[in-house]
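Participant: Have a look at this one.
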Amino acid sequence: MVASLSAGALVLSGLSASGAAASTPQPPAKHPTAIGFGGAVASVDPEATNVGLGVLRRGGNAVDAAVATAAALGVTEPYSAGVGGGGYFVFYNAKKHKVFTIDGRETAPATMPNNAFIDPATGEPYRFTPELVTSGVSVGIPGTLATWDSALRQWGSLSLGKALKPAAELADRGFVVDDTFRGQTLDNKARFSQIVPTAKLFLPGGDAPKVGSLFKNPELADTYRMLGKEGTSAFYRGPLAAEIEAVVKTPPKAAGATLPLMPGYLTTSDLSKYKTINRDPTKVRYDGLDVYGMPPSSSGGTTVGEALNILQPLHLDKMDTPQALHTYLEASALAFADRAAYVGDPAYVDVPTKELLSRGFGAERSCAIDPDHAATKPVKAGSPDGKYSQCGKGVATTQRPDTEGLSTTHLVAADKWGNVVSYTLTIEQTGGSGITVPGRGFLLNNELTDFSAVYDEADPNRIQPGKRPRSSMSPTIVLRGGRPFLALGSPGGSTIITTVLQTLTNRLDRDMTLPEAIAAPRASQRNTATVTAEPPFIDAYDAVLKPYGHTLVASGDAFTSAAEIGAVAALEFLPGGGILAAAEPTRRGGGAAGTVKQLWPR
Ligand code: GLU
């Protein structure tokens, strides 16, 4: 075999020494939908899903499987997730019949000034892309490893070492590069090539790994093994912590680098103080179901929940498609107005979570929807003050720009005991900050770009030292009669919220099966003048939504080549104990769903 070896990654071309094609590495088979018993996993990636299923088959529970799957995604989805990032873990505990959550969000360093995103030379914010996203300034204290450890200690049956083992083996063995991985690498090539350890790891020989080649990451395998043996202290204290501080302070520039690669504020002291937080989930009742989500510091649970409360009295299920879509878009805009006005890290901001999720507030907001006309955006925020009339007057608020993207990843896992995990994790941008910790095989996040760039006392998401930037991640679990019915979530920046909302309403109100609800084209109204929509949504609905006054514009941004919104992974619990596991049929190259005792496909 011809092997091009760099210190960080080994890429095998699949050719024998004689030049003849050897047995070309094959990716595992993957199915976007599976039905079976005894537990299930769905994620964007077949290797990761298989790792989770393997853990379940060996007697592990849903929490063990979720952590193992997440660690495997750190290998195969290194631009979306990994120990350099953070996330939110939602868990239904079958024994206690209760939903728990872990907030593993990155935090701002203790010395981060509130003008960190302002260029002193101009007094204006730095450009978002590429300067701010590719900088030490945007790196928050990672929470992912602490989340895995906390979940395993509270509810798992495996040690951290055992849960990380299959992912370490996968990193050693390598995975077959697909179009998505190559495409994401190419999208990042210009900035990755400017940072020495990142170019070494992800651009071996100066190019993105070829489709069909095997991508190995032995350094990440070693990191996982070390963390498994020594525990979280090896990350949050000790040599690795010092290396993280060093690389954030002085991102190693390649010769000829044009990016400023501004130094960040994160220190070993920040790392040593990092803690995950167990929080009570958000809960709303919709269509007779209990919908549980992630409370602040994520805006996911409050915004999805408020939108459902707005929709509840309007009965989407009784509407035709154009009316239902119009109503979904308007409810989403209203909930986003309230998200912008009221939601931030609750340790720093008084977030009216209970009122935002109250039936009364939802009903008051609901009557702002004109059944025939789209409101002029941005709509005003409401008053979640406990005093609700038939129709409340809005209060002016500033709708600050939101980012969207295909970064981040979501997974779901369930076991034979009835436990369920819905877990979204991220390093923010696809490729995070672009900064790899030298010799350790993983990228650091740029999550702090989720703060508003300009400091404004009235903004709940303003930069403050030690604070968690507001997230949109919306890992969700739906119970029916107190038992799991659905579990779902998605990547996609602020479009995560609309993707989860749209998938839920598709499934619950619009007569779609779960796979249909996931496959349906998406649109996202986040309180802006136009509606971001996937091209197939525009093709299908532009003509019927125009008369309401909706202007649809194609999704996709300058940074990513894809025009997709989200990448859902979900489970539905069927009568009789069966599980339907469902991932994307085509978005992000198609996801992978599997069950422990699979009935279909076989
Ligand atoms: N940083 C985003 C959030 O927390 C997730 C990144 C993405 O999905 O684009 O909401």
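Participant: Please verify whether region 8-15 includes one or more residues that are modelled with pLDDT under 95 and surrounded by fewer than 16 Cβ atoms within 10 Å (Cβ to Cβ). Talk me through it step by step, then tell me what you get.
Facilitator: Of region 8-15, the ones modelled with pLDDT under 95 are 8-15.
Checking the rest, the ones that are also surrounded by fewer than 16 Cβ atoms within 10 Å (Cβ to Cβ) come to 15.
Yes, region 8-15 contains at least one residue that is modelled with pLDDT under 95 and surrounded by fewer than 16 Cβ atoms within 10 Å (Cβ to Cβ).
Participant: Is it true that some residue in region 339-359 is farther than 26 Å from GLY82 by Cβ, small (Gly, Ala, Ser) and buried (at least 20 other Cβ atoms within 10 Å of the Cβ)?
Facilitator: First, the residues of region 339-359 that are farther than 26 Å from GLY82 by Cβ: 339-343, 346, 348-359.
Adding the requirement that they be small (Gly, Ala, Ser) leaves 340-341, 358.
Within this subset, residues satisfying the condition of being buried (at least 20 other Cβ atoms within 10 Å of the Cβ) are 340-341.
Taking every residue of region 339-359 in turn, at least one turns out to be farther than 26 Å from GLY82 by Cβ, small (Gly, Ala, Ser) and buried (at least 20 other Cβ atoms within 10 Å of the Cβ).
Participant: Let me ask something else. Would you tally the residues in region 194-212 being crowded, with 19+ Cβ neighbours inside 10 Å and outside any helix (DSSP H, G or I)?
Facilitator: Within region 194-212, residues that are crowded, with 19+ Cβ neighbours inside 10 Å and outside any helix (DSSP H, G or I) number 5.
Participant: Being in contact with a Lys or Arg (Cβ under 7 Å, 6 or more places away or on another chain) and either farther than 25 Å from GLN312 by Cβ or buried (at least 23 other Cβ atoms within 10 Å of the Cβ) (or both) is the filter here, so list the residues in region 505-526 that pass it. Walk me through it before giving the result.
Facilitator: Of region 505-526, the ones in contact with a Lys or Arg (Cβ under 7 Å, 6 or more places away or on another chain) are 514, 517.
Listed by number, the list holds a single entry, ALA517.
Participant: Would you pick out the residues in region 383-423 that are within 12 Å of the ligand (Cβ to nearest atom), modelled with pLDDT of 95 or more and either within 26 Å of VAL247 (Cα to Cα) or outside any strand (DSSP E or B) (or both)?
Facilitator: Of all residues in region 383-423, those within 12 Å of the ligand (Cβ to nearest atom) come to 402-410.
Checking which are modelled with pLDDT of 95 or more leaves us with 409-410.
Scanning region 383-423 gives a single hit, THR409.
Participant: Any idea which residue in region 527-552 is farthest from ARG339 (Cα to Cα), counting only those that are in contact with a Lys or Arg (Cβ under 7 Å, 6 or more places away or on another chain) and polar (S, T, N, Q)?
Facilitator: Of everything passing the filter in region 527-552, THR528 is farthest from ARG339 (Cα to Cα).
Participant: Now for a separate question. Kindly list the number of the only condition in (1) out of contact with any Ser or Thr (no Cβ under 7 Å at 6 or more places or on another chain); (2) more than 29 Å from PHE91 (Cα to Cα); (3) touching a residue at least 12 places away in the same chain (Cβ under 8 Å); (4) of a type outside the set (Val, Ile, Thr) that fails for ALA533.
Facilitator: Evaluating ALA533 over (1) out of contact with any Ser or Thr (no Cβ under 7 Å at 6 or more places or on another chain); (2) more than 29 Å from PHE91 (Cα to Cα); (3) touching a residue at least 12 places away in the same chain (Cβ under 8 Å); (4) of a type outside the set (Val, Ile, Thr) leaves (1) as the failure.
Participant: Right, another one. So, in region 435-463, how many residues would count as being in a loop (DSSP other than H, G, I, E, B), under 20 Å from LEU271 (Cβ atoms) and not hydrophobic (A, V, I, L, M, F, W, C)?
Facilitator: Filtering region 435-463 down to residues in a loop (DSSP other than H, G, I, E, B) leaves 435, 437-442, 444-446, 451-463.
Next, only the ones that are under 20 Å from LEU271 (Cβ atoms) stay: 435, 437-442, 444-446, 451, 463.
The next check asks that each one be not hydrophobic (A, V, I, L, M, F, W, C); those that pass are 438-441, 445-446.
So the answer is 6.
Participant: Which of the residues belonging to region 466-522 are more than 16 Å from the ligand (Cβ to nearest atom), under 19 Å from ALA62 (Cα atoms) and assigned to a strand (DSSP E or B)? Show your work before the answer.
Facilitator: Looking only at region 466-522, we keep the residues that are more than 16 Å from the ligand (Cβ to nearest atom), and these are 466, 477-487, 504-521.
Next cut, under 19 Å from ALA62 (Cα atoms) only: 477-479, 482-487.
Within region 466-522, ILE477, VAL478, LEU479, ARG483, PRO484, PHE485, LEU486, ALA487 qualify.
Participant: Quickly run through region 91-119 and pick out the residues that are touching an Asp or Glu at 6+ places or on another chain (Cβ under 9 Å), of a type outside the set (A, V, I, L, M, F, W, C) and assigned to a loop (DSSP other than H, G, I, E, B).
Facilitator: ARG105, GLU106, PRO109, THR111, ASP119
Participant: Further, regarding this structure: Would you please name the residue that is farthest from SER422 (Cα to Cα), looking only at residues in region 98-118 that are in contact with a strand residue (DSSP E or B) (Cβ under 8 Å, 6 or more places away or on another chain) and away from the ligand (no atom under 16 Å from the Cβ)?
Facilitator: Per the criteria, the residue is ILE118.
Participant: Exactly one condition in (1) under 24 Å from PRO378 (Cβ atoms); (2) free of Cβ contacts under 8 Å to residues at least 24 places away in the same chain; (3) of a type outside the set (A, V, I, L, M, F, W, C); (4) part of a loop (DSSP other than H, G, I, E, B) is false for ARG602; which is it?
Facilitator: (1) is the only condition that ARG602 fails.
The values are calculated or read from the model by the stated rules, or taken from the named source; none is laboratory data. All of these numbers come straight from a predicted model, not from anything done at the bench. Ideal geometry is used to build each Cβ from the backbone, glycine not excepted, and the neighbour counts take in all protein chains shown.
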